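Report on the structure given below.
The values are calculated or read from the model by the stated rules, or taken from the named source; none is laboratory data. Everything quoted here is computed from the prediction, not taken from an experiment. Don't worry about glycine lacking a Cβ; one is built from the backbone with ideal geometry, like all the others, and counts go over all protein chains shown. Each accessible area value is taken on the protein alone, full model and side chains, heavy atoms only, with ligands, DNA and RNA left out. Shrake-Rupley method; radii C 1.70, N 1.55, O 1.52, S 1.80 Å.
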Amino acid sequence: MSKDKNNASIVLDFDDNAVLPELFGEHDSHLALIEERLDVSLSSRGNRVSVSGAVEDGQLANNVLQMLYARLRDGLPVGTGDVEGAIRLARANTRDSAEIARGKNGYAVHTKRRTITPRSMQQAQYIEQIRTNQLIFAIGPAGTGKTYLAVAVAVSMLLDGSVERLILSRPAVEAGESIGFLPGDMREKVDPYLRPLYDALHDMMPDVQVEKLLSNGTIEVAPLGFMRGRTLSNAFIILDEAQNTTPMQMKMFLTRLGENSRMIVAGDPTQVDLPPGAKSGLQDATDILGRVDGISMVRFGESDVVRHPLVSKMVQAYNARDKRLEAERKKRRDKLAREAAIPPSVPSEE
């Protein structure tokens, strides 16, 4: 193996045969994924799995399998995303990694349709911050669970009576394209911008319950402009795609926070769809409020992307390109500054 010349072999015996098909995955797909990610070899026979590889990698694979087995014994499902999450948590190698993977010690979010658990240490911190702070900024690339986890905690708090209303908002900004005139009434016009929020809600609750709560106003999904002039008390408020707000819109939204309310502001500073030259309200707010007590800033990175593995690779590729372009721009600026500092030569008098 590439990482360690000293190979080791670990044999794991699992008592509950009923959960092994889900642990191993269809056609042993979960075992194959662990092999690929951790550079180990796994062999299953009955209720026994043999792990061979470098000592460190073999121990990581052992920890991942134990985490996933414990999840299944607790009645939680194991899919491809959960395997990826367990690998990520095992690599973090913290005291709480196993508990986070199993959703213990308050890390699980219970909704009508499913129980959601963190798939990275940063997601675990995010859930903890949401439950302990009134205003949280969630900043990072797409696919890190910023909005999805916020909606999950919001639905959980709505169902247990901790808040009375759930308000989800987005700025109605087109993502780099003009979609022209939209037919229909006001809700039909703005719904396309808010579809991702509806999708998250339907993941958490039965469709009939979502529609009932939307119709009676308990859950409100509205564009950012509808927030002006309101004070939102006893509510869980989420602003998605916050990078597409202007500084004035952001200030307006933040000052809607009322008593016994919780507010999440989620966005990706690298995907701003505002007109060229316009400053993002998200960047402006983090610059101004970064040191204010009582406001939590949770920053996600490439390693926290929990969508398809290709998403993480694409985020890394785009970030690398952006860093390279910024370095080239800085080089040009430095060159121009040096040239400007050189006094013009004075022709000699004959």
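Observations
- Verdict on Ala222 being at pLDDT below 90, within 18 Å of Tyr148 (Cα to Cα) and over 19 Å from the mean Cα position of the chain (by Cα): yes
- Hits in the range 225-245 (condition: on the phi > 0 side of the Ramachandran plot and within 22 Å of the chain's Cα centre (by Cα)): Glu241
- Residue that is farthest from Glu259 (Cα to Cα) [pool: residues in the range 215-234 that are open to solvent by 50 Å² or more (accessible area, probe 1.4 Å) and of a type in the set (Gly, Ala, Ser)]: Ser215
- Verdict on Pro206 being modelled with pLDDT of 70 or more, surrounded by 10 or more Cβ atoms within 10 Å (Cβ to Cβ), of a type outside the set (A, V, I, L, M, F, W, C) and under 21 Å from Gly267 (Cβ atoms): no
- The set of residues from the range 94-125 being touching a residue at least 24 places away in the same chain (Cβ under 8 Å) and either more than 25 Å from Asp160 (Cβ to Cβ) or in contact with an Asp or Glu (Cβ under 6 Å, 6 or more places away or on another chain) (or both) comprises Thr94, Ser97, Ala98, Arg102, Ser120, Met121, Gln122.
- All conditions in (1) in contact with a helix residue (DSSP H, G or I) (Cβ under 8 Å, 6 or more places away or on another chain); (2) free of Cβ contacts under 8 Å to residues at least 24 places away in the same chain; (3) of a type outside the set (Ser, Thr, Tyr) hold for Glu128, with the sole exception of (1).
- Tally, over the range 24-47, of residues that are free of Cβ contacts under 8 Å to residues at least 40 places away in the same chain and in a helix (DSSP H, G or I): 8
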